[in-house]
Amino acid sequence: MVKVNGVNMDVDEQIAFDVVSSLGFKENTYVLELNEEILKKDSYKSTILHSGDVLEVVSFMGGG
Amino acid sequence: MEDKLILGGREFNSRFILGSGKYNLDLIKAAVENAGAEIITLAVRRANTKDSENIMDFIPKNVTLLPNTSGARDAKEAVRIAHLSRELGGGDFVKVEIMKDSKYLLPDNVETIKATEILAKEGFVVLPYMYPDLYSARDLANAGAAAIMPLAAPIGSNKGLTTKDFIQIIIDEVDLPVIVDAGIGKPSEACAAMEMGAAAIMCNTAIATAKDIPVMANAFKLAIEAGRKAYLAGLGRVLARGSESMDPLTGFLRN
Amino acid sequence: MENSFLIDSDKLSAAALKRKHEIENDKSVRINHMEFLPNMDKLDNDIYDKLVAASTGVDWNSYTKDDVLRALRSETLTIDDFKALLSPAAKPYIEEMAKRAKIETSKHFGNTVYLFTPLYIANYCDNYCVYCGFNCYNDIKRKKMNFEEIRHEMEIISKSGIEEILILTGESPVYSDIKYIGEACKMAREYFKNVGLEIYPCNIKDYKYLHECGADYVTVFQETYNSDKYETLHLLGNKRIFPYRFQAQERAILGGMRGVAFSALLGLTNFRDDALASALHLYFLARKYPQVEYSLSCPRLRPIVNNDKINPLDVHETELCQILCAYRIFLPYVGITVSSREEKHFRDGIAKICATKISAGVSTGIGDHEEKYEAYDSNMDKESLTKELENDECGDEQFDIADKRSFDQMYKDMSDEGLQPVLNDYVYV
């Protein structure tokens, strides 16, 4: 199981970009953090998620 | 001489930093334009798939982004959020905002100083949001902050300049721009802070909760400009009422 | 109008006289006053640059009545407001300034006034500062007290009731070395609760040592902040090095001293420029070292042995009062010391407005406290007092004092003025 934005998902051994895209996130609007390390943008399509990974998809939103 | 706000070596004509929280993305452009703002704050959060819109598409391109680290509870988390915001294309400005109290949302100065030092060393232009305490302000200056952002009142409260005296002390004693942040509820309060010598005003809730957001943004713009002009002009004297009955003090002088 | 400072002594040899005249008349034989000597600590920071930027080229006549009134009504004064209060435009508002100054003083100090006395332990000096009685070419009786004599003086002073002492020397690291001064400090701690120093500027490690010996306050007068003028007045000796003297307070702070004091000697050059620079010197250091105690003095030129013509030129009492009120309003938290260079009526008056520290039982000579105190107590008139004091065993004074009141008298006078004399409120930490 991989935890994506706090939710456990059964996406072991899948590519990070594919997982995130399937959830409806649009390319270039987010940044990925895998196990508290920021992923380089050019590695999204080559990073494979493993069981126990914690993936955060973050973006800007309104704030003060 | 032109009157510019200088932050991290960058020059700004506007002294109004606009927040982008708590209102509809559609209104951001109008608010920015009516505010004449050149800096806008943003938050970094877990992306939400339900929002198909990206806030970045609504912010005019010539506006400098000031991502904050809201959500951080200590220096480590703030640094982590700052790194994410840079990766998201937020540039090198960051408003350090660290809160350990979810009821009052008061900033933790100690952790803020730590985060400021780390981020300034990494090359960020750090604008720390802080509780107006002179010693902390000095520590932030020594830690490499580009400005100090003391709160006027609890965040989102619209209560106005409740910490006025303490902000004045920081303005008087610290050689950095002081940006009054949080709690300003009315244009007159923004104006008063500028008259005191604040370098800029950061405002969000007062505008977001107004009946007409763009018009209130404009009202703040005018108030901030008026306050700045008054500060530069040097406030006139206030006549004391009545006469003083104290005996002459200088009668002893012989020549 | 200028003072004429240069005096030749007939006791100097022909060669010495020739050398003296050379130094006085030919700038090229004098060393570069802006260059640190090899053994001098040099701090690398921008305080001097800030001072120069803020204090040079001020057009004092550009300030108006409204600038003065605005400054007087401001809660915290900008540097420009302070300049307005020092300007000629403020002179007619001296009473308003005094009222505001009194309010500021009472906010920070209540109605207290601290009493202290200076103790000169040696008057040997390596410097040739043309206006000073101790200068190396001035024919005066020189003396360096031995430790027995110092102890004797301290006993007498301490018996009079004084608890705070300021130890002074002429500026001769050879005759009055750091060890000697350190021993005097240790001894002073046996008799007094607070020991200050007014000696030649020294290096950080020396300040550290003197602090360990019991000194906790360092006074250094820059004399004038106009470095070109400074060059023409300080012709020989370490004191000639303007920036080394300028950084003395900061070195003292780095050496662990709790407080530092500043001043220009008013009357050497444009007094407004020098008053401004003295206060800003303190102001910029206080921003960098906010934990330190700061104070300002305000000496005016006085006659010296062998030159009774020296005077403070255009710095009259009103101007001095204006400067002190401006200091107080701009820097409400600093101590202001008014020495016995000023007369009784001035010191009584200024203590009610803004002075926080007044000397009493003063002698600027060496080893003559006993006689002076006895003479004062027996109400000896001035002439016989002077005669009495022509004692070969004592060293001559640095300058003529104008207020010879004893400690007891001062304590009584200050109480009568409605002030609360404080001998000490100091806790050594």
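At-a-glance table
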quantity	calculated
Single residue of region A:23-42 satisfying the filter (more than 11 Å from the chain's Cα centre (by Cα) and of a type outside the set (D, E, K, R)) that is surrounded by the most Cβ atoms within 10 Å (Cβ to Cβ)	A:29
Hey, residue B:184 open to solvent by less than 10 Å² (accessible area, probe 1.4 Å) and touching a strand residue (DSSP E or B) at 6+ places or on another chain (Cβ under 7 Å) or not	yes
Failed item, numbered, when residue B:105 is tested on (1) more than 13 Å from chain A (Cβ to nearest Cβ); (2) of a type outside the set (Ser, Thr, Tyr); (3) on the phi > 0 side of the Ramachandran plot	(1)
Filtered residues of region C:189-206 (kept if among the aromatic types (Phe, Trp, Tyr) and more than 17 Å from the chain's Cα centre (by Cα))	C:191, C:192
Pairs where the first residue, in region B:220-237, is within 12 Å of chain C (Cβ to nearest Cβ) and the second is buried (at least 16 other Cβ atoms within 10 Å of the Cβ) and not in a helix (DSSP H, G or I), C-beta under 7 Å, 6+ apart	B:231/B:197
Residue identified as assigned to a helix (DSSP H, G or I) and closer than 30 Å to residue C:94 by Cβ among C:268, C:313, C:285	C:285
Within region B:158-171, considering residues that are open to solvent by 40 Å² or more (accessible area, probe 1.4 Å) and of a type outside the set (Lys, Arg), the one farthest from the other protein chains (Cβ to nearest Cβ)	B:162
So residue C:256, is it small (Gly, Ala, Ser), in a loop (DSSP other than H, G, I, E, B) and touching a Phe, Trp or Tyr at 6+ places or on another chain (Cβ under 9 Å)	yes
Region B:21-32, subset of a type in the set (Gly, Ala, Ser) and more than 8 Å from chain A (Cβ to nearest Cβ), residue farthest from residue B:92 (Cα to Cα)	B:30
Filter result (within 27 Å of residue B:211 (Cβ to Cβ), over 16 Å from the mean Cα position of the chain (by Cα) and within 13 Å of chain A (Cβ to nearest Cβ)) within region B:33-62	B:51, B:53, B:55, B:57, B:58, B:59
Test: residue B:114 is surrounded by 18 or more Cβ atoms within 10 Å (Cβ to Cβ) and among the basic types (Lys, Arg)	yes
Test result for residue C:269, closer than 26 Å to residue C:80 by Cα, in contact with a strand residue (DSSP E or B) (Cβ under 6 Å, 6 or more places away or on another chain) and among the β-branched types (Val, Ile, Thr)	no
Qualifying helices (runs of 4 or more DSSP H) (wholly inside region C:1-100; at least 3 residues being touching a residue at least 24 places away in the same chain (Cβ under 8 Å) and farther than 30 Å from residue C:204 by Cα)	C:14-25, C:65-73, C:79-86
Pairs with Cβ under 8 Å, 6+ apart, first in region C:346-369 and small (Gly, Ala, Ser), second open to solvent by less than 10 Å² (accessible area, probe 1.4 Å) and at pLDDT 95 or above	C:349/C:321; C:355/C:324; C:355/C:336
Residues being open to solvent by 10 Å² or more (accessible area, probe 1.4 Å) and part of a strand (DSSP E or B) - total across region C:210-222	3
Only one of C:374, C:343 that is surrounded by fewer than 22 Cβ atoms within 10 Å (Cβ to Cβ) and at pLDDT 85 or above	C:343
Given (1) acidic (Asp, Glu); (2) open to solvent by 80 Å² or more (accessible area, probe 1.4 Å); (3) part of a strand (DSSP E or B), number of the condition residue A:56 does not satisfy	(2)
Filter pass, residue B:16 being buried (at least 19 other Cβ atoms within 10 Å of the Cβ), more than 24 Å from residue A:5 (Cβ to Cβ) and more than 10 Å from chain A (Cβ to nearest Cβ)	yes
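The values are calculated or read from the model by the stated rules, or taken from the named source; none is laboratory data. Quick caveat, the model's predicted, so the values are computed rather than measured. Cβ sites come from the backbone with ideal geometry, for glycine too, and all protein chains shown count toward neighbours. Keep in mind that these areas ignore ligands, DNA and RNA; they rest on the heavy atoms of the full protein, side chains included. Shrake-Rupley method; radii C 1.70, N 1.55, O 1.52, S 1.80 Å.
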